[in-house]
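Scroll down for the structure; my scribbles are underneath it.
The values are calculated or read from the model by the stated rules, or taken from the named source; none is laboratory data. Computed from a predicted structure; not experimentally measured. Positions of Cβ are generated from backbone atoms using ideal geometry, with glycine treated the same way; all protein chains shown enter the neighbour counts. The accessibility values were calculated without ligands, DNA or RNA, using every heavy atom of the protein model including side chains. Shrake-Rupley method; radii C 1.70, N 1.55, O 1.52, S 1.80 Å.
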Amino acid sequence: MHRVFQNFIDLLAAAEVPADFERAMGDMAHALNLSSFAYLAFPRSGLATPRLISTYPVEWTSHYLRSNYQEIDPVVLDALRNPEPFSWGVGAHSRAYTLLQQRLFDEASQHGLRLGFTVPIHDDRGAIAALTFATDQRVAAFERCVDTHSRVLQLTALYFHAHVRRTLFDGDEIGVVRLSRRELECLQWASQGKSAWEIGCILGISRNTVAYYIENAKEKLGVRTIAQAVTRLAAANKRKQN
C-alpha cells in the first residue's frame, strides 16, 4: 500500500493537465484492484457543467453529462447530502428509485458500472466533489480494499481534490469567465511577449502544456488569438484597478 500511495503522490505532484491527474488516480485504482474511477466536481454556479476526470467509458460519461444525470443520480445526491463515504450498487443497501433513476443505473450497468464506493468531498471553501471507484461485478479484491482501506481512500480523494482544484480550477475571473491559476499565469506571461517555450521555462512545464493552457484560456474567453485574449485580460485588470 505504501508503494502504491507514494507513486500516486509522485504522479500527482507532477500533474499539470487533466490527463496527468487521470493517470495518477487511474494507476492507483488499478494497483488496488479498484477498477475504474470518476472524479466529479460541482461548480458553485448551478448553471455550469460539472468538471469530470475519469477512466469510465467515454461514451458513458458523455451521455451522462449530456443528459444532466448528475441532477438525479442517487449517488451524487447522497454525496451532496452526506460527507461520509458509502458503497452502492449490488449488495448495498437499496431503496426505492424513480423510473429515471433506475434507467440511469441500468444504463451505467451496460457500461460496466454496477457497484462502487464513493467518497464525498466537502471542502472548507464551499466546493463539493465526489470521487467514485466502480466495477462491473462483485469482486472480492475490490470489496476487501474498500473494507480495509476506506479511510485511506478518503484521504486520497481529499488530496486529489486539493491538487486538482489548485492546478486546474483555482484562478481568477475575467468578466464572467473563470480561468485556472495556470491558464492565468500563461496568459499573463504571454501578455508580456513571452513565447510558449519561454513561459514553459519560467513555470517549469513543457511547451506543449503551455499551449494547452493558452488554448483553454482562449476557448473560455471566446477569442481566437492570444492578442485578443491578452486584450481581455488587460481590460479586466483595468476594471479591477478602477
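Structure summary
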| quantity | calculated |
| --- | --- |
| Reciprocal mean inverse distance between Cα atoms of the chain - Kirkwood radius, Å | 19.4 Å |
| Accessible surface of the chain, 1.4 Å probe, proportion on carbon and sulfur as whole % | 51 percent |
| Trypsin sites (Lys or Arg not before Pro) lying in DSSP loop within the stretch 63-109, provided at most 16 other Cβ fall within 10 Å | 95 |
| Rg to Rh quotient for the stretch 1-139, alpha carbon positions, Kirkwood Rh | 0.95 |
| Convex hull (Cα only) mean projected area of the stretch 100-171, reported in nm² to one decimal | 6.3 nm² |
| 1.4 Å probe accessible area per residue over the chain, in Å² | 54 Å² |
